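Take a look at the structure set out below.
The values are calculated or read from the model by the stated rules, or taken from the named source; none is laboratory data. Source: prediction; values computed, not measured. Here the Cβ positions follow ideal geometry from the backbone for every residue, glycine too, while neighbour counts run over all protein chains shown. We work out accessible area using only protein heavy atoms, side chains counted, and drop any ligands, DNA or RNA first. Shrake-Rupley method; radii C 1.70, N 1.55, O 1.52, S 1.80 Å.
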Amino acid sequence: MELDEIRQQIDTVDDQLLDLFLQRMDLADQVAAYKNEHQLPILNRQREREVMARVTEHSGDRERYAYHLFSTLFELARSRQAELIDAPTRVRAQVDAALAAAQPLFPQTGIVACQGVEGANSQVACDKLLPRGHILYVKSFEAVFDAVDSGLCKFGVLPIENSSNGSVRAVYDLLLRRRFSVVRSTRLCIRHELLALPGVSLSDITEIYSHEQAIGQCSKFLGALNGVRVIPCDNTAAAAKMVSDSGNQHAAAISSHVCAELYGLSTLRDDIQDSDNNYTRFICITKNPVIYAGASRISLIISCDNKPGALYDILSKLSALGINMSKLESCPVTGRNFEFIFFLELDASVQEPGVLPMLEELERTCAGFQFLGNYAEV
């Protein structure tokens, strides 16, 4: 048989498949109506297993291909049913409130809290996110949440992840516990320098101060030093200010070139970070959810049952809608053996068809689910 003839037959079969697929989706709509009326869950695992057993039994040596085909069909049917189910969810209430509260454009002004002092990377992020904002400096990440929670500040800016050193777990823990909303994010290229008082040389240094993330990002340089104590502190700018104020000829700070100028320090080394491609991402938080125009990124924290296929069930929902996942990171749950939560980021908007129903289905089926926000990165 010629190739053109084979392709014609494939086209005919494809047309038949499409007709059957649309019929199947119509039947899925009817099933959704029945589940709505009788308040039944969307997922019926027993029914799916029965169908899959029949399919694989009749598929011969193409069993694994048939398995994946019907797995996708099940997921598409569940996604469609999720759009039609009326059961209330927390995420829909959050999204509705966030859309109702939004202004056309993200504000350029306002009081914003960040951890650190003048010259900190968080300050640079604040200036980028709110160019005409007024910055209130506080001592800790939790104090940023407190300032926003109390109404003292409308916004808070915090580091959330670094390209070399991973997520800032303390900030994720606070987002999980305090249930604030992410409304914006930005990315800064970070360059670390070793700073000391004028006239000091590297051989004079016996102690180095910096934030633990910066210390981790300069681990190769620090590991090559002998007889030098590395001491974590609140942030890189605070480290530079402390060295400047102390007058200690044996102390140095890992900080930025801006802080060298700001606090009258000299640069001993300007090439100490492990990677030149070193970026830190910062988020802007609010107490109440808001979704501004241009939002194209969704952040979630989820957990699933510790059983085979649990994570696949989650990811297949994204695949069925063609949603790109830009981040998936697992994190062990403190005090529980082999249990994990997952940090997810999706390139999507809740206003796109199918996205909000998909989030609702995740809330219904995941052991834990928290919607952090839908926002733009600038």
Report summary line: Every listed condition ((1) crowded, with 21+ Cβ neighbours inside 10 Å; (2) at pLDDT 90 or above; (3) under 22 Å from His211 (Cβ atoms); (4) of a type outside the set (Phe, Trp, Tyr)) holds for Ile135 save (1)
Report task. Return the only residue of Phe371, Phe343 being in contact with a Cys (Cβ under 8 Å, 6 or more places away or on another chain), in contact (Cβ under 8 Å) with a residue 60 or more places away in the chain and part of a strand (DSSP E or B). Result -> Phe343
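Hey, does the stretch 302-320 have a residue that's under 28 Å from Ser122 (Cα atoms), touching a residue at least 12 places away in the same chain (Cβ under 8 Å), surrounded by 15 or more Cβ atoms within 10 Å (Cβ to Cβ) and touching a helix residue (DSSP H, G or I) at 6+ places or on another chain (Cβ under 9 Å)?
Here is the first cut: in the stretch 302-320, the ones under 28 Å from Ser122 (Cα atoms) are 302.
Right, trim to touching a residue at least 12 places away in the same chain (Cβ under 8 Å) and you get 302.
Going one step further and asking which of them are surrounded by 15 or more Cβ atoms within 10 Å (Cβ to Cβ), we end up with 302.
Then drop every residue that is not touching a helix residue (DSSP H, G or I) at 6+ places or on another chain (Cβ under 9 Å), which leaves 302.
Yes: one or more hits.
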Requested in this report: Check whether at least one residue in the stretch 45-52 is polar (S, T, N, Q) and either within 30 Å of Val290 (Cβ to Cβ) or surrounded by 10 or more Cβ atoms within 10 Å (Cβ to Cβ) (or both), and report yes or no.
Outcome: no
**Report entry** All helices (runs of 4 or more DSSP H) inside the stretch 187-289 with 1 or more residues being open to solvent by 10 Å² or more (accessible area, probe 1.4 Å) and among the β-branched types (Val, Ile, Thr)
**Finding:** 212-217, 236-246, 257-262
Report task. For the stretch 122-130, state whether one or more residues are open to solvent by 70 Å² or more (accessible area, probe 1.4 Å), without any contact (Cβ under 8 Å) to a residue 24 or more places away in the chain and either out of contact with any Pro (no Cβ under 9 Å at 6 or more places or on another chain) or of a type in the set (A, V, I, L, M, F, W, C) (or both). Result -> no
Requested in this report: Kindly list, by first and then second residue, each pair from a residue in the stretch 284-298 that is at positive phi to a residue that is part of a strand (DSSP E or B), limited to pairs with Cβ atoms under 8 Å and residues at least 6 apart or on different chains.
Outcome: Gly294/Ala376
